[in-house]
Amino acid sequence: MEIENIELSFLSYSDYQELKNAMIEAYTNLPNTYWAQQHINSLITKFPEGQVVIKVNGEIAGCALSIIVDYDKYGLNHTYKEITGNYTFNTHTPKGDVLYGIEVFIKTEFRGLRLGRRLYDYRKDLCERLNLRGIAFGGRIPNYHEHAEDLTPKEYINKVRLKEINDPVLNFQISNDFHPVKILKAYLEGDEASNEYAVLLEWDNIYYEKPSTKPLTVKKIVRLGLIQWQMRLYHNLDELMQQAEFFIDAVSGYRCDFALFPEFFNAPLMKDYNHLSEPEAIRELSKYTEDIVQRFSDLAISYNINIITGSMPELVNDKLYNAGYLCKRDGAKERYEKIHITPDESRLWGMQGGSQIKAFDTDCGKIGVLICYDCEFPELSRLLADEGMDILFVPFLTDTQNGYSRVRSCAQARAIENECYVAIAGCVGNLPKVHNMDIQFAQSIVFTPCDFAFPTNGIKAEATPNTEMILIAEVDIDLLRELNQFGSVQNLRDRRKDLFELKKQ
């Protein structure tokens, strides 16, 4: 299936018939596998924020239904019927303290895309936003009937946790930070596959604050994952992308919102063309670009993370560019290109400078991307700042320390003058069998403005120089808003626009 769009949206009354059909397909082994329309209408009316569907190419692929309950009223020995008020959902109360999951499913054809994680992540975000103390639900154990003669439910769950038995449902819930609390007996009537047992699973909101008279300030936190990429020889594209997926999996596991790859991270694939001239070799490398971008897009969807692909050579109308892509987790792709080509890129490869410069809208605000040398030209980042950029990503590749120092120093200046965060990620190591790519030097860093709310040296986090690793850092977008209004200095607001003007042609 070609995925063009993935969208998480609130369930609407008009979705009912499609939702009913999806539930019937998802629960082939349960009686009464779907909710009646009056139940769904009741849920939407009582708690619209708690009812969400995930759509792929406009088709419902999964669903999560929730209510808020006063958890202590029901204790740890409740049944599904009791917690839902005999399916009336009269147990829902906005004054409750726990988000209770009453339904979650992904249609069979869409499993493997990690869409279930998105639904759980939405619940976690909703729980944090509503300042609830946690999430709870009764998790089915549909494989238990295969072991019921030999194992008690407690023994079965223990073996699942020890990976001695594979239960995909329970494994998935545990991997999403839900912990088993107790066994619920006679939880869901008619669930023969689970012998009517369920596992009470809970997730604790570590940001929960008991209600007080003081207003709560909600901060917008974005987590960045920078890949400091080791240059090594790969046998083929599959092997290179296997390494790329390893890093994406790692930063996604820490719930990063972005993964940043360096400039020309795919250069090792040129080893097979070392017998050609340098212009010919780089053009052979460009033939991989379309495939790499599509694979990154698939990974962005699968791991629910926005990926900045670094940069790669790309042929457009027989002209060679240094370009990259922002692969969003909703399936969309945005292209950016290097505006200023270095003397080496022009002289050895015949590369052209690009002409597109714009900020990109993401689910974490507006971002910009400048490739390596471009960050040494302050006009470009200022144009992006004028468009509302909060985070500037700089994929780079430098061979010597003095080249790296230029990128580092200019990137830090961009953070100060544009009141934004700047994340830079580069390649390390050596490629002795690839012409013009023999040595690399890098230290990946996240820079901040320099004011009281930020580190005094303007460095949020930095990697070990010249070592393959990932760097993870959280940045608070609301701090940029405060800086813009109340900072010791206000670089964006204090520009003398009466004396000079900067604009795109």
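The values are calculated or read from the model by the stated rules, or taken from the named source; none is laboratory data. These numbers were taken from a predicted model, which means no experiment stands behind them. Heads up, the Cβs are rebuilt from the backbone with ideal geometry, glycines too, and the neighbour counts pull from every protein chain shown.
Numbers for the structure displayed
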quantity	calculated
Test: ALA36 is of a type in the set (A, V, I, L, M) and either touching an Asp or Glu at 6+ places or on another chain (Cβ under 9 Å) or at pLDDT 95 or above (or both)	no
Matching residues in the stretch 373-421 - criterion: being more than 15 Å from GLN440 (Cβ to Cβ) and assigned to a strand (DSSP E or B)	ILE391, LEU392, PHE393, VAL394, TYR421
Subset of the stretch 179-203 (residues that are in contact with a helix residue (DSSP H, G or I) (Cβ under 8 Å, 6 or more places away or on another chain) and more than 18 Å from LYS81 (Cβ to Cβ))	PRO180, ALA193, LEU201, TRP203
Residue that is surrounded by the most Cβ atoms within 10 Å (Cβ to Cβ), among those in the stretch 379-436 that are of a type in the set (Gly, Ala, Ser) and closer than 25 Å to PRO313 by Cβ	GLY426
Residue ID - surrounded by the most Cβ atoms within 10 Å (Cβ to Cβ), chosen from residues in the stretch 32-65 that are assigned to a loop (DSSP other than H, G, I, E, B) and on the phi < 0 side of the Ramachandran plot	GLN51
Segments classed as strands (runs of 3 or more DSSP E), wholly inside the stretch 310-357, with at least 3 members that are more than 20 Å from LEU392 (Cα to Cα) and free of Cβ contacts under 8 Å to residues at least 24 places away in the same chain	none
Residue list for the stretch 437-469, restricted to those being surrounded by fewer than 16 Cβ atoms within 10 Å (Cβ to Cβ) and either in a loop (DSSP other than H, G, I, E, B) or not hydrophobic (A, V, I, L, M, F, W, C) (or both)	ASP438, PHE452, ALA453, PRO455, THR456, ASN457, THR464, PRO465, THR467
Subset of the stretch 135-181 that is among the hydroxyl-bearing types (Ser, Thr, Tyr) and in a helix (DSSP H, G or I) - its residue that is farthest from TRP203 (Cα to Cα)	TYR144
Candidate set: the stretch 470-503, residues that are of a type in the set (Gly, Ala, Ser) and buried (at least 19 other Cβ atoms within 10 Å of the Cβ); chosen: the one nearest to ARG406 (Cα to Cα)	ALA473
